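Accompanying notes for the structure given below.
The values are calculated or read from the model by the stated rules, or taken from the named source; none is laboratory data. This structure is a prediction, so every number in the text was calculated from the model and none was measured. Positions of Cβ are generated from backbone atoms using ideal geometry, with glycine treated the same way; all protein chains shown enter the neighbour counts.
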């Protein structure tokens, strides 16, 4: 097969889609990726992947989308793909329409979280559902990460066939087996904390996510104010992000802003509690990474997160935009080492059983007959 993997942003391609492409290449298929140009493109090519840059804006500029559409139609016709597999909201819209116009035999859409969600007002939510219904006419196979999204897709008939499957999300467990024994883990924990100016016995709360409002940072900063713990903030605002950036409170000296990091497993292993207070999610990979590192998780009760976190067993689920409930959940875990350990171990077992990246990729390849 000749396959195209399409998304809007090079960051997404590099961090989330390359394992699927690698599996398709290993199975003997030819794969070309498409995304907007950016700083990750050379790294993708350095790893040996074929990537074509076509600008796909995450804005609402219709003229930009029309240009992207025409460039994609031309490229799809030139390359004669058997499958075009689209990811991320804007690329999924433009890409499906272009692939249909170019008469690509099979159009696959992975919904990493439908844009419509329970927190939206009725009219806005209905508009996005109707848009997905329209685009479903150009969708031969629909993958969702969260089961809730698969149920919604079936309910609203968001695919022209009945080929709808919840594939889940996953990470490579071997990436989190970074120590041979407890001694190595302890030494690493001490060293990382010293580098980040954090004491060895201090409780460390860590959040991994883009520095935008919808990730719940405002409520998190309110929740941890005055608490006897250190917060590590891992992430940055992407150039393509249209959501409002967040500012870090200057009065809280126990907040460490670490920016983008490529040592997430090591940071998680040196932490005590993971938190993700998002307003909406698809099926967050960061929670799975935390579970693989045996951390208890405090997350908001939203789609995806509540599928990953079992409240009272692997962590705590709290209401959206509720800093008081968030504080109470964090405080409970911060004060109870035994509870942290038991929830962390339960989360690890759940992650190994359900969220192994290899299993997630195999579900897709088997469903597509690849």
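Residue under question is residue 81, and the condition is that it be in a loop (DSSP other than H, G, I, E, B), surrounded by 13 or more Cβ atoms within 10 Å (Cβ to Cβ) and in contact with a strand residue (DSSP E or B) (Cβ under 9 Å, 6 or more places away or on another chain); does it hold? Against the criterion (in a loop (DSSP other than H, G, I, E, B), surrounded by 13 or more Cβ atoms within 10 Å (Cβ to Cβ) and in contact with a strand residue (DSSP E or B) (Cβ under 9 Å, 6 or more places away or on another chain)), residue 81 qualifies.
Determine, yes or no, whether residue 152 is surrounded by 19 or more Cβ atoms within 10 Å (Cβ to Cβ), under 20 Å from residue 302 (Cβ atoms), within 25 Å of the chain's Cα centre (by Cα) and not assigned by TED's automatic domain parsing to the domain that holds residue 270. Yes: the conditions hold for residue 152. Taking the listed residues 107, 34, 3, the one that is crowded, with 22+ Cβ neighbours inside 10 Å, without any contact (Cβ under 8 Å) to a residue 40 or more places away in the chain, assigned to a strand (DSSP E or B) and touching a strand residue (DSSP E or B) at 6+ places or on another chain (Cβ under 9 Å) is 107, with no other qualifying.
I'm trying to understand the selection: among the residues of region 145-171, which are over 16 Å from residue 294 (Cβ atoms) and in contact (Cβ under 8 Å) with a residue 60 or more places away in the chain?
Across region 145-171, the qualifying residues are 145, 146, 147, 148, 149, 163, 165, 167, 168, 169, 170.
Restricting to region 148-188, count the residues that are part of a helix (DSSP H, G or I), over 30 Å from residue 116 (Cβ atoms) and in contact with a helix residue (DSSP H, G or I) (Cβ under 7 Å, 6 or more places away or on another chain). Within region 148-188, residues that are part of a helix (DSSP H, G or I), over 30 Å from residue 116 (Cβ atoms) and in contact with a helix residue (DSSP H, G or I) (Cβ under 7 Å, 6 or more places away or on another chain) number 5.
Could you go through region 270-281 and let me know if any residue there is closer than 30 Å to residue 140 by Cα, within 18 Å of the chain's Cα centre (by Cα) and modelled with pLDDT of 95 or more. Checked against the condition, which is being closer than 30 Å to residue 140 by Cα, within 18 Å of the chain's Cα centre (by Cα) and modelled with pLDDT of 95 or more, region 270-281 yields no hits at all. For region 340-349, indicate whether the set of residues that are surrounded by 24 or more Cβ atoms within 10 Å (Cβ to Cβ) and over 19 Å from the mean Cα position of the chain (by Cα) is non-empty. Scanning region 340-349 turns up at least one residue that is surrounded by 24 or more Cβ atoms within 10 Å (Cβ to Cβ) and over 19 Å from the mean Cα position of the chain (by Cα). Flag not set for residue 60, criterion: without any contact (Cβ under 8 Å) to a residue 60 or more places away in the chain, surrounded by 19 or more Cβ atoms within 10 Å (Cβ to Cβ) and in a loop (DSSP other than H, G, I, E, B).
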